[in-house]
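FYI, it's all coordinate maths here, none of it is from the lab. These numbers come from a predicted model, not from an experiment. Neighbour counts run over all protein chains shown; Cβ positions are idealised from the backbone, glycine included.
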Amino acid sequence: MKPLTPKQERFVAEYLVDLNATQAAIRAGYSAKTAEQQGPRLLGNVVVAAAIGEAQARHLAAVDVSAQRVLKELAAIGFSDIRAIFDENGQLRPVNELPDGVASVIASVEVTKQRTRTADETTTEEWVSKVKAWDKTRAG
């Protein structure tokens, strides 16, 4: 196979940043006026496409991402049970006590101190925890 030109190499590197062929062409030094045509043309080039595929495979291997792992994470979110983050008294479990696979379904936790005034004008304070899980419909 023919080697990439320096400009094509730059296009491959830039394309991997945001997967936007037009912007990658501009950043690689192609004319902004013709970038809309150059980007797709470069993606259709067998040598450029192979270089992009190889680079993506290297990146995925480096971060240990596989289709199986992604599906496993999506399944964990999709089949998660929010009750697992609470103990038998209904209190939020400390993070280090969450069962395996439960922590990965939590998008955020917000803990705030809430003051409440009772009928007899006494003020009480309590910690309130808000837990947000990842959206199950988007995971599936």
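Computed values, structure above
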read-out	value
Inter-centroid distance (Cα atoms) of region 64-140 relative to region 4-57, Å	42 Å
Label-point separation, Asp87 to Lys72 (7 Å along Cα→Cβ), nm	3.0 nm
CD proxy at 222 nm, helix term only [per DSSP H run n ≥ 4: -39500 (n - 2.57); per residue of the chain; nearest 500]	-13500 deg cm²/dmol
Calculated from backbone phi, Karplus (6.51, -1.76, 1.60) coupling profile of region 44-55 in Hz, x at Gly/Pro	x, 6, 4, 5, 5, 4, 5, 5, 5, x, 5, 5
Gain upon complete extension [Asp64, Thr34; 0.36 nm per residue less C-alpha separation]	7.1 nm
Read-out Cα extents along the principal axes in Å, derived from the coordinates shown; its label in [x] 81, 34, 24; [y] 46, 37, 31; [z] 60, 31, 22	[x]
Translational diffusion coefficient (Stokes-Einstein; Kirkwood radius from C-alpha pairs) of region 81-135 at 20 °C, 1.002 mPa s, in µm²/s	166 µm²/s
The chain: relative contact order as a whole-number percent, Cα under 8 Å and 6+ apart	16 percent
For the chain, with +1 on Lys and Arg beta carbons and -1 on Asp and Glu, the positive-most of Val131, Ile106, Ala49 along the dipole	Ala49
Given the chain, longest segment not containing exposed loop GluC sites (Glu not before Pro) (DSSP; at most 10 other Cβ within 10 Å)	1-87
Under 12 Å, Cβ to Cβ, from Gly39 - net charge with Lys/Arg +1 and Asp/Glu -1	-1
In nm, spacing of pseudo-spin labels at Ala103 and Glu126 (7 Å Cα→C-beta vector)	2.8 nm
